[in-house]
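Notes follow once the structure below has been shown.
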Amino acid sequence: MTYTVGYRRPPESGRFKKGASGNPKGRPKGSKNFLTLLDKELNQTVVITENGKKKTMTRLQAITKRIVNGALQGDQKSLLTLVEIMRRTGKLDEVAPANLVPDNYEEILNAYVARRQARASANPARHASGGNRHERD
């Protein structure tokens with residue numbers, strides 16, 4: 001029987017030998033991934049001065065404090081960062097779209113339409129050409 005060489009059928013000479021792999025050394029023991037290194041860095045302590053007093057806290061606590069303080073002072077990026085973190089962690093209650101529209105929205109809409117029609121009939125020359133585009137109702 002002859003062996004056909006093709007897709008997913010390498011020739012005998014190109015295959016791994018029994019007991020050998022394509023990565024013989026493998027991942028070195030004790031190597032750390034990115035999240036492990038990040039966690040280690042964020043848990044290191046730093047000394048900060050707050051209200052004239054020195055305090056020791058982790059870097060993560062200091063970053064969190066800075067984001068919150070920035071958001072309170074009106075920094076747009078800090079505020080957006082804080083809102084996004086809260087949204088992703090479920091700390092921010094999302095308002096259902098149904099709650100954004102009042103129950104009597106049809107009455108409000110009908111009153112608005114009636115008011116517009118009354119103005120149009122009171123001053124037909126002004127509204128025939130489109131009226132004032134910047135008029136507020």
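Laboratory data are not the source of any read-out in this text; all were calculated from the coordinates shown. Being a predicted model, the structure only gives us computed values, none of them experimental. Cβ coordinates were reconstructed from backbone atoms using ideal geometry, including for glycine residues, and neighbour counts include every protein chain displayed.
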What net charge is computed for the residues neighbouring N43, neighbours being all others with C-beta under 15 Å from the C-beta of N43, Lys and Arg scored +1, Asp and Glu -1?
+1
For the pairs K32/K53; K17/K40; K40/K77; K55/K77; K54/K77; K55/K91, note any where the Cα-Cα span goes beyond 31 Å.
K32/K53; K17/K40
Taking the chain and counting helices only, DSSP H stretches of n ≥ 4 at -39,500 (n - 2.57) each over all residues, the nearest-500 ellipticity at 222 nm comes to -13500 deg cm²/dmol
Mean separation of Cα pairs under 8 Å and 6+ residues apart, divided by the residue count of the chain: what relative contact order is that in percent?
8
Per segment 10-55, sqrt(5λ) over the Cα gyration tensor eigenvalues, sorted largest first, in Å, gives 52, 9, 4
With labels modelled as points extended 7 Å from the Cα through the Cβ direction, what inter-label distance (nm, one decimal) is found for R15 paired with V68?
6.3
Can you compute the modelled spin-label distance between V47 and R88, with each label point 7 Å from Cα toward Cβ, in nm?
3.3
Would you mind classifying the chain by shape? Square roots of the alpha carbon gyration tensor eigenvalues, ordered a ≥ b ≥ c; an a/c under 1.5 is rounded, otherwise it is prolate if a/b is larger than b/c and oblate if not.
oblate
Write out the trypsin sites (Lys or Arg not before Pro) in segment 1-48 meeting two conditions: DSSP loop, and at most 16 other Cβ atoms within 10 Å of their Cβ.
R8, R15, K17, K18, K25, K29, K32
